[in-house]
């Protein structure tokens, strides 16, 4: 634990006992939220401008959310650990890194499961967020407040050379999250996947510990990674989201009015999050225009990337519900992908 995080935890010591006490013992409730998100990210904006004020509004001012952003209190993995230990009340984590705690969200990490952001929005807000919320309680003993899109689709980014097809990745160490799906996808493409902490990624790329990453353009720009990488390949395979979570134990300890306020605010976040994220994407990627070489594969080259994706689906079979995956694909008219996955034994 670094000094910054230790200082934050010590500062919380007194507040955490009060904030996590049974709600019946106090008129007002203070909830501590830990996130790696910077305030300027779409996730940071939606927490500050929707979740926090709406919880206050729906609780008639009786609930205050104290936000510890930018990793000041915990990194993504540590935030979820602290959530389980009752040291914080709310945490955010990427759908990739939450894979270390269960397979509930592995479904949305599957490559090409969403063909574009409009499809992701329609399906997630139409029924999928509610379904994953039910599974989060059952499989992870956590309460899903909202599943927030953050940054769009992941691309192949590296410090070494132009990458047109998966074979060009041979020998490159590519940073991945803790998602088994992501690990197996990058491996199927021929690179060496390396799970690596987000907070150390800039230095890791700079030093050559890793030579690339599987990351959204928004984060490549927002993190100023364009200062240390040279090439981006637009594969748009996996869409990214961040669950906003509470432990189910903490959630159930709250009075009815508090749970209702949190759930109403969460529904508002779910509706508004895509708008915030699209606006953020459009703004932030301009920072790296002309600073990184971007390659858009031809359709024939994309067939090679999709072939690797099928291997990744097969590798993590059992970590996702095939019926649920089939429904998502069918609603988008992805009949060819369904047929390919059936032939590969993934569905």
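The values are calculated or read from the model by the stated rules, or taken from the named source; none is laboratory data. Quick caveat, the model's predicted, so the values are computed rather than measured. Neighbour counts run over all protein chains shown; Cβ positions are idealised from the backbone, glycine included.
Residues checked against (1) surrounded by 21 or more Cβ atoms within 10 Å (Cβ to Cβ); (2) at pLDDT below 95; (3) outside any helix (DSSP H, G or I):
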position: 291; (1), (2), (3): no, no, yes
position: 300; (1), (2), (3): no, no, no
position: 307; (1), (2), (3): no, yes, no
position: 312; (1), (2), (3): yes, yes, no
position: 326; (1), (2), (3): no, no, no
position: 330; (1), (2), (3): no, no, no
position: 342; (1), (2), (3): no, no, no
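Say whether the condition of being assigned by TED's automatic domain parsing to the domain that holds residue 305 and closer than 30 Å to residue 134 by Cβ is met by at least one residue in segment 157-168.
No: zero hits.
Residue check, residue 274 against (1) within 28 Å of residue 116 (Cα to Cα); (2) in the same structural domain as residue 298 (by TED's automatic domain parsing), all met but one. Which one?
Condition (2) is where residue 274 drops out.
Of the residues that make up segment 142-162, is at least one in contact (Cβ under 8 Å) with a residue 40 or more places away in the chain, crowded, with 19+ Cβ neighbours inside 10 Å and assigned to a helix (DSSP H, G or I)?
Initial filter on segment 142-162 (in contact (Cβ under 8 Å) with a residue 40 or more places away in the chain): 142-162.
If we keep only those that are crowded, with 19+ Cβ neighbours inside 10 Å too, we end up with 142-158.
Within this subset, residues satisfying the condition of being assigned to a helix (DSSP H, G or I) are none.
Scanning segment 142-162 turns up no residue that is in contact (Cβ under 8 Å) with a residue 40 or more places away in the chain, crowded, with 19+ Cβ neighbours inside 10 Å and assigned to a helix (DSSP H, G or I).
So how many residues does segment 204-234 have that are under 21 Å from residue 183 (Cα atoms), without any contact (Cβ under 8 Å) to a residue 60 or more places away in the chain and surrounded by fewer than 16 Cβ atoms within 10 Å (Cβ to Cβ)?
2
Where in segment 170-258 are the helices (runs of 4 or more DSSP H), entirely inside, with at least 3 residues that are in contact with a helix residue (DSSP H, G or I) (Cβ under 6 Å, 6 or more places away or on another chain)?
Details: elements: 180-188, 201-207, 217-222, 248-253.
Correct list: 180-188, 217-222.
So, residue 264, is that one touching a helix residue (DSSP H, G or I) at 6+ places or on another chain (Cβ under 9 Å), within 30 Å of residue 49 (Cβ to Cβ), surrounded by fewer than 16 Cβ atoms within 10 Å (Cβ to Cβ) and at pLDDT 95 or above or not?
So residue 264 passes the test.
For (1) buried (at least 17 other Cβ atoms within 10 Å of the Cβ); (2) part of a helix (DSSP H, G or I), each residue gets a yes or a no:
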site	(1), (2)
104	yes, no
107	yes, yes
114	yes, no
118	no, yes
121	yes, yes
129	yes, yes
